[in-house]
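Reviewing the structure listed below.
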Amino acid sequence: MGIQFTEHQWDEVRKSYGSWWNHVAERPLISVVLQGVDPGRPKPKAPLLNQSNALDLTFSAEEIVDRMDYELSRNLYLGDAFPHVNLDSMGPGVLSAFLGAVPDNSTGSIWFEPQKIRDLKDIHLEYDPENIWLKRVKDIYRAGNKLWKGNVIMGMVDLGGVMDVLAVFRSTEKLLMDLYDEPDEVKRLISEIHDLWMHCYNDLNCILETCSRGYTDWSRVYSEKRSYVIQSDFSFMIGNDMFREFVLEEIARVTEIIPNTLFHLDGPGEIRHLDDLLKLDNLNAVQWVPGAGAPSQSEWPDIYQKIHRAGKGIQVWEGFRCVDAVAEQIGTFKGIQQNDIVDDLAKKEEYERMLARYR
């Protein structure tokens with residue numbers, strides 16, 4: 001059968017997400033992907049790409065994309081959902097691998113280690129177009145372009161935050177001390193990694209844009225213009241003054257270059273930085289993830305009210321009840337976006353009724 005998604009549906013996706021990014025959507029954007037459609041062909045031998053197998057180069061990029069196509073053909077797209085590929089399977093902060101760090105997925109998840117811990121003054125990172133992992137991502141993008149011809153949005157890999165990448169090469173503990181002991185060297189590397197980050201982002205987009213209807217990433221939010229979900233997990237461990245000195249300016253630069261940006265606010269340790277982030281005029285939205293052991297996503301009215309008052313969009317992940325709870329807390333459905341993937345095609349009519357309520 002192939003992937004079932006029409007030109008009319010793409011037109012609706014462009015209009016709906018365009019209004020959300022521009023803060024004029026009068027309803028919540030809700031994406032529901034129902035799995036279970038018969039794809040009409042046997043399952044390919046290649047595995048579905050994930051962090052546990054992404055470092056295995058046994059199968060060609062074309063075979064990996066063919067398996068992705070099989071899985072996408074099993075989907076029914078409801079509400080604001082659209083066909084896309086999430087390449088966070090290459091690991092969080094994969095830019096560090098492109099710059100020479102060694103990926104390790106022996107635990108089932110991908111993490112990155114430097115070949116050697118060096119002093120700050122000896123760290124000079126370079127973008128290697130022949131890097132094996134960069135070439136693998138590019139090969140997958142090219143194979144996807146050839147097969148789907150723009151009817152699937154391939155997501156930008158999770159490049160990671162600049163400070164997170166630096167922490168890979170220096171170690172988190174040493175980098176925390178460096179903020180006190182060698183701030184100028186830290187700032188030099190922040191500037192250098194920012195330039196490498198942008199170079200990689202542009203390099204990969206040069207491939208994606210040859211055959212694309214838009215952009216997405218692991219946030220699964222569509223954008224007709226270039227977009228990205230920004231993050232700085234390292235910020236969890238520093239106070240406001242250091243955040244402003246070492247992190248905020250670089251994030252601001254990204255929001256000024258990339259038209260549509262969403263910030264991934266990860267865990268209670270990052271809440272202290274929310275006020276500073278909300279002052280960034282070019283930041284469009286915030287995704288709040290409470291983290292393990294914290295109250296559920298729907299139980300943070302102060303955070304959502306603050307984001308809403310600042311005129312930013314809100315992304316949540318915990319279903320329709322979370323959408324309703326957040327809407328009650330901020331007094332409107334306007335600005336909310338939510339994604340669901342459900343492995344139960346039998347619930348189609350139920351989900352269609354639920355979606356109709358918001359429209």
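Laboratory data are not the source of any read-out in this text; all were calculated from the coordinates shown. None of these values were measured; they are calculated from a predicted model. Note that we place each Cβ from the backbone using ideal geometry, even for glycine, and neighbour counts take in every protein chain shown.
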Between the DSSP loop rule and a limit of at most 15 other Cβ atoms within 10 Å, which trypsin sites (Lys or Arg not before Pro) in the range 252-283 are left?
Lys279
Förster-model FRET efficiency, 41 Å R0, Asp38 and Asp203, C-beta, rounded to 0.05
0.60
Gap in Å between the Cα centre of the range 30-97 and the Cα centre of the range 126-176?
17
Computed FRET value (nearest 0.05) for Arg118 with Glu62, which takes r as the C-beta separation and R₀ as 45 Å:
0.70
Report, for the chain, the % of DSSP beta bridges that are antiparallel, rounded to 5.
30
Relative contact order %, the range 7-358, counting alpha carbon pairs below 8 Å whose residues are six or more apart:
21
At most 11 other Cβ within 10 Å, DSSP loop - trypsin sites (Lys or Arg not before Pro), the range 59-121:
Lys116
Percent relative contact order for the range 195-275, counting Cα pairs under 8 Å at least six residues apart, stands at 29
Could you give the spread of the C-alpha atoms of the range 7-358 along their three principal axes, from largest to smallest, in whole angstroms?
60, 50, 36
For Ser89, Ser60, Ser235, order by how many other beta-carbon atoms lie within 10 Å, fewest first:
Ser60, Ser89, Ser235
Would you calculate, for the chain, the mean residue ellipticity at 222 nm contributed by helices, counting each DSSP H stretch of 4 or more residues as -39,500 (n - 2.57) and dividing by all residues, to the nearest 500?
-12000 deg cm²/dmol
What's the FRET efficiency of Thr6 with Arg272 using the Cβ-Cβ distance as r and R₀ = 51 Å, to the nearest 0.05?
0.65
With Leu278 itself left out, Lys, Arg at +1 and Asp, Glu at -1 over residues whose Cβ is under 11 Å from its Cβ give +1
Can you work out the PRE-style zone for Lys149? Point 7 Å along Cα to Cβ, and I want the residues of the range 1-20 with backbone N under 17 Å.
1-8, 10
Among Lys187/Lys279; Lys138/Lys312; Lys225/Lys279; Lys138/Lys306; Lys187/Lys334, the pairs whose Cα-Cα distance exceeds 30 Å are Lys138/Lys312; Lys138/Lys306; Lys187/Lys334
Between the range 309-359 and the range 7-23, what is the separation of their alpha carbon centroids in Å?
16
